[in-house]
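For reference, the structure discussed in these notes is given below.
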Amino acid sequence: MSVSVRDALGLECFKGVKVIAGASGLDRIINRVSVLESPDLDDFSTVMGNGDFYISSFYAIKDDPKAQMNTLRLLVDTNSSGLCLIDLYMDDLEPDIKEFADKAAYPVVMISNFVPYAAVITDIMDAIIKNKEDTITEMTIRSLLRSSVTEQEVTTTAKSINGMFRENMAALYFKCSSNQGAGIQGLKNAYRDKDHWSFLKFEEGIFILTSFAKEPKERINMQLEKLVEDIDYYLVDYRLGISRVHHGLGSLNTCIREALLSCQVAEGNNEKRVYYNDLGVYRLLMLIKDEPELKRFHDEIIVPLENYDRQKGTSLLNTAVAYVENDGDIGKTAESLYQHQNTIRYRLNKIKEILDMKGVNGSFYEKISIAVKIHKIIK
């Protein structure tokens, strides 16, 4: 994980920024930030580094397009990450210079001269430092997910994450769209006085590791429900997994696994939140989702229905999914699909016929239920 030019442009200091060239290179990685105002490029080139992001007003060469082109060539040749121009002396570049930047996929952006150089440098460097911290955090969490990790190792790691953790642990893991930074920050601010809780970035989501002293189960559940309500208040579109409450710091890895698994199911089922306690058979299926036999079981039931739907223009698979989601209740299935119950019975009989399952009632629901759940996981 690294900070790209695209990431940097989302920072507060770049509000109102314009990408004037090289938009296809916005994923270049920034390693450090420098100011480029030296008229002597030969001297400056000796300190240029890979991934440098430059800020300049082009004051020394504002009236010299040839020098501007030479500067761009040097920046590209030294594999820098991008150029941020301040609109103090110029508000654009010559077309041929922008064409060169476009072909080289070298991003050039323009921001207002009212933005201090220091603000750009500080904001980007803070993001780079935060990113490195997140990388360390991710490595720490991954170490807890190793199958060989011992309870003592988990306890030691938990204390290194937060020395204020209490004896009962739970974990929540959520994913949301990248434009909800303000909501995430608001959520963090709402819980900043909880020194025995931690917010940790992991992969594409965020963990909230919660801990509780020895207190009644009902009170712990109330606090967790309040947190879930607050997540719903601050975030618009998200997927959330919630673990059970476990005793002891050595159970932190179990909490993390349960929250991750629950979030994966929430994604697969397109649900806002899923509690590990409610996973049922998903708890087993998710653990073996990469096993070839699981895929074979899926294909034996789901693929024939997909093929039939494709050839006949029917919606048998959709009916099977609704049937499982409504726990095998034909009335509720018909209601959810806006169909008559007899239509649902006809479709189910057709499914049994296609799958050669006529005359096997209980076994039919069991198999179709598992197959549909695997289908959601695979999707």
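Here are a few things to note about the model shown:
- Only Lys, Arg, Asp and Glu carry charge here, each on its Cβ (+1 for the first two, -1 for the last two); on that basis region 145-279 has a dipole of about 240 debye about its Cα centre.
- Candidate aspartates and glutamates for bridging to residue 62, where Cα separation is under 17 Å - those fewer than 8 sequence places away on the same chain excluded: 37, 40, 87, 91, 92, 94, 96
- Between 291, 138, 271, the Gaussian network model of the chain with springs among Cα atoms under 10 angstrom shows the greatest mean-square fluctuation at 291.
- Order of 345, 28, 257, 192 under a 10 Å beta carbon neighbour criterion, fewest first: 192, 345, 257, 28
- Per-residue Cβ neighbour counts within 10 Å put 125, 90 in the sequence 125, 90, beginning with the fewest.
- Each other residue within a Cβ distance under 12 Å of residue 33 adds +1 if Lys or Arg and -1 if Asp or Glu, for a net charge of -2.
- Taking Cα centre as origin and charging only the Cβ of basic (Lys, Arg, +1) and acidic (Asp, Glu, -1) residues, the dipole magnitude of the chain rounds to 1720 debye.
- Counting only Cβ charges, +1 for Lys and Arg and -1 for Asp and Glu, the dipole size of region 289-378 around its Cα centre is about 240 debye.
- DSSP finds beta bridges in the chain, and of those with both partners inside it, around 60 percent are antiparallel.
- Pairs beyond 26 Å (Cα-Cα), from 226/379; 132/376; 66/103; 201/295: 226/379; 132/376; 201/295
- Cross-link partners for residue 312 among the aspartates and glutamates, with Cα-Cα distance under 20 Å and sequence neighbours closer than 8 places in the same chain left out: 299, 300, 353, 356.
- Farthest positive-ward along the chain dipole, Cα basis, beta-carbon charges - from 311, 357, 374: 357
- Annotation: the residues 2, 198, sorted from fewest to most other C-beta atoms within 10 Å of their own C-beta, follow the order 2, 198.
- Tensor-based shape of region 5-123 (alpha-carbon gyration tensor, a/c under 1.5 rounded, otherwise prolate or oblate): rounded
- Environment charge of residue 128, counting only residues whose C-beta is closer than 11 Å and scoring Lys/Arg +1, Asp/Glu -1: -2
- For the chain, calculated [θ]222 nm from helices alone, where every DSSP H run of n ≥ 4 adds -39500 (n - 2.57): -16000 deg cm²/dmol
No value in this document is a laboratory result; all are computed from the given coordinates. Since the model is a prediction, treat every value here as computed from it, not as a measurement. Reconstructed Cβ throughout: ideal geometry from the backbone, glycine too, with neighbour counts over all protein chains shown.
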